[in-house]
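Read-outs throughout are calculated quantities, based only on the coordinates presented, and are distinct from any laboratory measurement. Keep in mind that what you see is a predicted model, and the values were worked out from it rather than measured. Please note: Cβ atoms are built from the backbone with ideal geometry, for glycine as well, and neighbour counts cover all protein chains shown.
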Amino acid sequence: MKAFVLLVALAALLGGCGKTNYPKDDAQAAAYARDEANCRTQMRQQAQSERNIEDQRRATFEGERERFGQEDLYKTMANQGYVNNLDRLIARCMENRGWSAKRTLPFPKLSW
């Protein structure tokens, strides 16, 4: 049991190593912005191509959804899926360029 606790503590300490998400100086900030712009351009083309294919596939059943008044739900879900897919592709591209993944909470903080 002690070995397990020690292993978990060691993993927690080493987990924070590596390049940070937030650039600390102007040169690093410029490199981050340049890499992000390049990734965004490349991945947007790929995501748009996949989105066009999905839109054509969804168009097959569009008439049925309109009959039941559900077309807005499917459009909203498709748009959110596109945004999520694009964010994942950009994150992977940035990781491949040496930038660590942004750490996000599964649930956003609520400001009461």
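If we count every other residue with Cβ under 13 angstrom of Ala78's Cβ, Lys/Arg +1 and Asp/Glu -1, where does the sum land?
Summing Lys and Arg as +1 and Asp and Glu as -1 gives -1.
Grab the other residues whose beta carbon is less than 11 angstrom from that of Ala33, score K and R as +1, D and E as -1, and report the net.
Local charge sum for Ala33: -1.
Can you list the HN-Hα couplings for segment 67-80, worked out from phi with the Karplus curve (6.51, -1.76, 1.60; θ = phi - 60°), rounded to whole Hz and with x for Gly and Pro?
4, 9, x, 10, 5, 5, 4, 5, 5, 5, 5, 5, 5, 5
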